[in-house]
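What follows is one structure encoded as C-alpha cells, with my remarks underneath.
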Amino acid sequence: MSHDVEAVSHHDYRVVDTDAHYIESIDDLISYMDEPWKTRLEKGGEASKSFLLPKSSGDRTVFGRISRDHPYGYEGNDPEDAAEIMDYLGVDASIQLTQLLLAFARLKADDDRAAVLAKAYNDYMLDQVVDPDAGVYTTGVIPYQDPAVAVEEIDRIKHESGIVGFMMVTGGAEPPFGNREYEPIYEAVERSGKPIVFHTGGSGLDEFYLSGYEKLIETHTLGFLMNNMAQTVSLIVQGIPVKFPDLDIVFLESGIFYIPLLMSRLDAEYRKRPSEAPLLEKPPSAYLQEMYFGTQPIEEPPHPDHLKHVIEMVGGPERLMYASDYPHWDFDPPSTIADLPFLSKDDKQQILAGTAEEVFGI
Amino acid sequence: MSSDTDRVEVVPVDELTPGERAIVDVNGHDVGVFNVDGEYYALLNTCPHERGPVCDGSVRGILEAEWPGPGERVVESYAETPAISCPWHGWEFDMETGKHVGDQNCVVPTFDVVAEDGTLYVEP
C-alpha cells in the first residue's frame, strides 16, 4: 500500500494550492538586493544574515519524529522544485509564499531592511521561480513598515502575471493592520485589482516565545491563531472593508474554526458598543463573511458534522480556498477537502479551486 | 371621543421640558416618553436583548464618523438624531425608529406622542 501524498490525491478535481511555501534562503536573495546591503551580506558572515532578518524557530520535526521520505523539506528549494512539489501534492496551480519573510514583523527598526528584503524576494521569485504557464505563482511581499515604499513596490510589480496578490505578514505587526498608516497600501492593492493576503507567522515569530512559552505546541497553537484574530478584529473595527469595498481580503493558515468564534464575539461586542465602530454599516460578522480563508490546517473534529456547520457559518465553500502549507510540518494534502463526507462534488471543487480562481484569477 | 379611549395621558406638556423623561403605563407595559431638545419620543421600556430598562438609559446623538480618505483620521461627531443606550449592556437604539444603531434586526417598539390642549398623550 502506497503512502505517497500523490496516491491519496484526487485526480477528479482541479486543485489550486493557495498557500505553499517556497523555501528561499538569504543567499538566494543577495544578488537581487540593493546596495549597501548586497555588499554587506556578500562580505559579511553568517551574523550579517541573522542581523538582516532575526528569526526564531522551534523544531518543527518534533526532534526528528516527523521525518518524511521526501526531498522537499526545510533544507531549501531550487526553482525547479516548485513543479515537482505540485506534482507530488497533485495540485494544478500553486501560490508559493515566502518562507524567510514570515519573520517579517520582527523588523521594527526604522531602517531599509524591510524594503530591501521585500524587493529582493519579489524580484528573485519573478526571475527564478514564478512560471504562470506551469501554474506557479507567488504573492508580492509588502514592506508595510514603510507604507510609501510599499506603495511604490506594489505599483512596480502589480502588472506581473505571476504576482496574484500582495502579502502582509501578521505575526506581531505593530501598529495593527487597521491603523490608518497602512491605508495607502490598501488603496494601492485595491487599485491593482489583486487581493491582499494576510499570512501569519507563529511559533516563535510572535510574542509568545518571547514571553516564556516553552514548547512549539504552545507557540504554534497560539501564534498563528491569535495573530490572525488580532489583525482581523483590527481591520473590521477600524472599517477597512468599508473604506476599501473592492479590496478582496484573504486570511491564511489558522484553520477555520476561529471565524465563527470571532463572528459571534464581535457581533455581541458591537451590539453593546456600536459607537466604537461608527464606520460599520452592518454587524462585524457580515464583513467576516465577505473575506476569504485558506483552509489549512483544517480542523478534524470527532464528529464531521461540526466541521460542516462551521463551513456553513463562515458563508460556505465560496469563502474557502484549499491550502497545503507544504512543506511545513502540519501540511494538508488535497484529500483533506476531497474526502469530506458531507460536501457535494461541486462544493469540493469550489474549495479546491473555484474560490481561488475567482479571487486570484488563476 | 373614541380616539381618547385608545391613547394614554402622560403628563401636562409643561412638565416634560427638554431633557426630561417620564415612564407611563400603556396597556400594562412601561413606556418611556422623552423630550429631547423639544422633540418628543416614546419607546417601550424593555430592551430586546435581556429585557433591561432601556428607557432609563443615557440619551445622546448617534455617533457618526466620516472618513476623509486614505491615511486620514476618521472624524467623529454626534448626529442630531438621538439614541438611547440600555443601562444594562449598552444596546443603543435610534429613538426615532427604535432600531439598534448597528443592527436593524434589533428593535424597540416606538409610539407616537401628541400634544393636545396642554397635555401629552402616547398613542399605542
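Within the set of pairs 6+ apart or on separate chains, which have a first residue in region A:264-286 that is under 14 Å from A:GLY239 (Cα atoms) and facing chain B (nearest Cβ under 7 Å), a second that is assigned to a helix (DSSP H, G or I) and open to solvent by 30 Å² or more (accessible area, probe 1.4 Å), and C-beta atoms under 7 Å apart? From residues that are under 14 Å from A:GLY239 (Cα atoms) and facing chain B (nearest Cβ under 7 Å), the pairs are A:LEU279/A:VAL242; A:LEU280/A:VAL242. Number of residues in region A:212-269 that are at pLDDT below 95 and over 19 Å from the mean Cα position of the chain (by Cα) equals 7.
Here B:GLY69 meets the list (1) away from chain A (no Cβ under 14 Å); (2) surrounded by fewer than 19 Cβ atoms within 10 Å (Cβ to Cβ) almost entirely, failing just condition (1).
The residues of region A:130-164 that are touching a residue at least 40 places away in the same chain (Cβ under 8 Å), open to solvent by less than 10 Å² (accessible area, probe 1.4 Å) and either farther than 30 Å from A:ALA109 by Cα or more than 14 Å from chain B (Cβ to nearest Cβ) (or both), listed by number, are A:GLY135, A:VAL136, A:THR138, A:THR139, A:VAL141, A:ILE142, A:ILE163, A:VAL164. Confirm whether A:LEU247 is assigned to a helix (DSSP H, G or I) and within 14 Å of another protein chain (Cβ to nearest Cβ). Criteria not met by A:LEU247. Looking at region B:9-25, is at least one residue assigned to a loop (DSSP other than H, G, I, E, B) and within 14 Å of chain A (Cβ to nearest Cβ)? No, because not a single residue in region B:9-25 is assigned to a loop (DSSP other than H, G, I, E, B) and within 14 Å of chain A (Cβ to nearest Cβ).
Scoring B:TYR78 on the criteria (1) farther than 13 Å from B:CYS47 by Cα; (2) at the interface with chain A (Cβ under 8 Å from one of its Cβ atoms); (3) in contact with a Lys or Arg (Cβ under 7 Å, 6 or more places away or on another chain) leaves a single failure, condition (2). Number of residues in region A:72-98 that are open to solvent by 20 Å² or more (accessible area, probe 1.4 Å) and at pLDDT below 85 equals 4. Restricting attention to region B:81-100, the residues that are facing chain A (nearest Cβ under 7 Å) and either of a type in the set (A, V, I, L, M, F, W, C) or not in a loop (DSSP other than H, G, I, E, B) (or both) add up to 3. Restricting B:VAL108, B:VAL10, B:VAL31 to those that are out of contact with any helix residue (DSSP H, G or I) (no Cβ under 8 Å at 6 or more places or on another chain) and β-branched (Val, Ile, Thr) reduces the list to B:VAL10. Within region A:253-264, is even one residue open to solvent by less than 50 Å² (accessible area, probe 1.4 Å) and under 30 Å from B:VAL59 (Cα atoms)? Yes, that holds for at least one residue. Scanning region A:240-275 for residues that are touching a strand residue (DSSP E or B) at 6+ places or on another chain (Cβ under 8 Å), closer than 25 Å to B:GLU72 by Cβ and not hydrophobic (A, V, I, L, M, F, W, C) turns up A:PRO241, A:ASP248, A:PRO274, A:SER275.
Going through (1) facing chain A (nearest Cβ under 9 Å); (2) surrounded by fewer than 21 Cβ atoms within 10 Å (Cβ to Cβ); (3) within 23 Å of B:HIS29 (Cα to Cα); (4) touching a strand residue (DSSP E or B) at 6+ places or on another chain (Cβ under 6 Å) one by one, B:PRO109 falls short only on (1). In this structure, A:PRO175 qualifies as within 14 Å of chain B (Cβ to nearest Cβ), modelled with pLDDT under 95 and over 18 Å from the mean Cα position of the chain (by Cα). Sub-6 Å Cβ pairs linking a first residue in region B:67-84 that is under 29 Å from B:TYR40 (Cα atoms) to a second residue that is open to solvent by less than 60 Å² (accessible area, probe 1.4 Å) and part of a loop (DSSP other than H, G, I, E, B), at least 6 apart or interchain, are B:PRO82/B:MET95; B:ALA83/B:VAL101; B:ILE84/B:GLY57; B:ILE84/B:MET95, ordered by first then second residue.
The values are calculated or read from the model by the stated rules, or taken from the named source; none is laboratory data. Remember, it's a predicted structure, so these values are computed and weren't measured experimentally. Neighbour counts run over all protein chains shown; Cβ positions are idealised from the backbone, glycine included. The area values use the complete protein model at the heavy-atom level, side chains included, leaving out ligands, DNA and RNA. Shrake-Rupley method; radii C 1.70, N 1.55, O 1.52, S 1.80 Å.
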